[in-house]
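Undergrad: What follows is a single structure, and I will ask about it in a moment.
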Amino acid sequence: MNWHGLATYQRNGSKHPGLVVNDTLYDLAQLAKACDVDPARVAQDIGAVIADWAGSGPLIATMADRAAQLAASGRLAAVEGATYAVPYQPRRIFATASNFYEHADEMGTKLAARSESQPYIFMKAETSVVATGENVQMPPETSRLDWEVELGVVIGKTCRHVSVDDALSAIAAYTVFNDISARDLNRRTDYPFTHDWFRGKSFDTFGPMGPWLVPAGCIGNPQQLRMSLAVNGETMQDGSTSEMIFSVAEQIAYLSRILTLHPGDLIATGTPDGVGMGRGMYLKAGDKMVAHIENIGTIENTVVQESR
């Protein structure tokens with residue numbers, strides 16, 4: 001299977017589904033026609049592709065294998081002058097907190113022994129997502145804006161009570177996710193409940209993701225991926241998914257014991273150490289973040305002060 005990424009690109013004010021193969025972007029509808037495939041089967045939008053992943057995933061993989069040959073023969077042209085939009089609109093976003101030992105340590109989080117604990121998962125507003133190249137708005141309510149590069153896992157089939165051994169089969173694709181956090185809004189003193197993960201992480205633009213979705217079949221083992229994040233060219237985070245406390249499969253299995261997972265659900269699976277709070281420094285207007293995950297891609301976002 002050729003490496004490929006499902007993308008939504010934007011050009012001349014309109015958005016279209018695309019497929020990235022060997023660093024080249026192709027229009028998904030045009031690729032389908034060149035492969036004698038009905039574009040309606042794969043080229044509505046990427047969300048629809050994920051919703052029908054059992055049927056569309058293998059078909060798109062076959063199309064990806066043919067893209068370079070079709071382009072060389074003149075039957076398919078690359079898309080030029082486009083920018084990447086959010087790949088798709090997540091149905092729900094689940095996020096796993098303190099899932100790397102070193103990150104928990106830098107945050108001062110005391111964890112129980114792994115054998116005595118389970119993943120700690122909260123929900124982040126699906127409206128927080130923005131594309132690579134878009135700005136992250138810094139609300140006036142916060143002065144401690146922080147970054148967190150995370151492996152995003154896109155669910156591709158409905159599942160409940162899935163076992164750890166079978167959990168990876170529920171994945172459609174992976175993406176890069178940056179869990180932007182207002183650290184000073186994650187805590188509250190006006191209620192006896194001291195943490196408010198939703199408030200601190202769900203502002204609009206607090207979920208940069210992309211630049212595309214890479215099918216699970218192109219990745220192999222999700223626990224062997226390097227991940228990094230730089231601010232203004234200086235590397236802040238440099239870790240590996242191998243350092244997770246609870247694996248991707250364990251997180252899926254845990255969630256599926258609580259609720260039914262559906263195609264399009266997104267799980268942000270935790271971040272390595274090197275966040276701003278651990279370093280005693282925070283984002284400010286003008287700062288540029290570059291988040292990267294091996295074999296998936298890179299997203300870039302600049303912080304701007306929100307004006308009201």
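Nothing in this text is a laboratory measurement; each read-out follows from the coordinates by a stated rule. These numbers were taken from a predicted model, which means no experiment stands behind them. Methodologically, a virtual Cβ is constructed for each residue, glycine included, from the backbone with ideal geometry; neighbour enumeration extends over all protein chains shown.
Undergrad: Could you calculate the FRET efficiency of Glu102 with His195 from 1/(1 + (r/R0)^6), where r is the beta carbon distance between them and R0 is 35 Å, rounded to 0.05?
TA: Calculated transfer efficiency: 0.95.
Undergrad: Calculated FRET efficiency, Arg257 and Ala285, Cβ-Cβ r, R0 45 Å, to nearest 0.05?
TA: Details: r = 42 Å, r/R0 = 0.94.
Efficiency, rounded to the nearest 0.05: 0.60.
Undergrad: When you count, for each residue, the other Cβ atoms within 10 Å and take the mean per peptide, how do 147-159, 226-238, 62-74 rank with the highest first? Show your work: numbers first, answer last.
TA: Numbers: 147-159: 24.3, 226-238: 16.8, 62-74: 15.2.
Per-residue mean Cβ counts within 10 Å order the peptides as 147-159, 226-238, 62-74.
Undergrad: Modelled label-to-label distance, Ser143 and Met123, 7 Å Cα→beta-carbon offset: nm?
TA: It works out to 3.3 nm between the two label points.
Undergrad: Another question, if that's okay. Could you list the residues of segment 254-287 with an amide nitrogen less than 16 Å from a label point located 7 Å from the Cα of Asn232 in the Cα-to-C-beta direction?
TA: Counting backbone N atoms under 16 Å from the label point, the list is 276-277, 279-287.
Undergrad: Treating cross-link reach as a plain straight distance, find the aspartates and glutamates whose alpha-carbon is under 15 Å from the alpha-carbon of Lys33, omitting any fewer than eight places away in the same chain.
TA: Asp65
Undergrad: Please give, to one decimal in nm, the separation of the simple spin-label points placed at Gln89 and Gln224, each 7 Å out from Cα toward the Cβ.
TA: Modelled inter-label distance: 3.8 nm.
Undergrad: Dipole of the chain (Lys/Arg Cβ +1, Asp/Glu Cβ -1, origin at the Cα centre): which of Leu70, Ala40, Val231 lies farthest to the positive side?
TA: Comparing the listed Cα positions along the dipole, Ala40 ranks first.
Undergrad: Please determine, in degrees from 0 to 90 and to the nearest 10, the orientation of helix 53-72 with respect to the longest principal axis defined by the Cα atoms of the chain, where the helix direction is its Cα long axis.
TA: With rounding to tens, the tilt is 60 degrees.
Undergrad: Would you mind calculating the gained length between Asp184 and Gln10 on full extension (0.36 nm times residue separation, minus the Cα-Cα distance), in nm to one decimal?
TA: 59.1 nm
Undergrad: Then there is this: Report for the chain the percent antiparallel among DSSP-assigned beta bridges with both residues inside it, nearest 5. Working shown, then result.
TA: Details: 58 of 67 bridges.
That works out to approximately 85 percent antiparallel.
Undergrad: Now a separate question. Go ahead and run the numbers for FRET between Ala112 and Arg308, Cβ-Cβ distance against an R0 of 35 Å, rounding to 0.05.
TA: Between Ala112 and Arg308 the formula returns 0.25.
Undergrad: By how many degrees, between 0 and 90 and to the nearest 10, does the Cα long axis of helix 248-258 differ from the longest principal axis of the chain?
TA: 80 degrees
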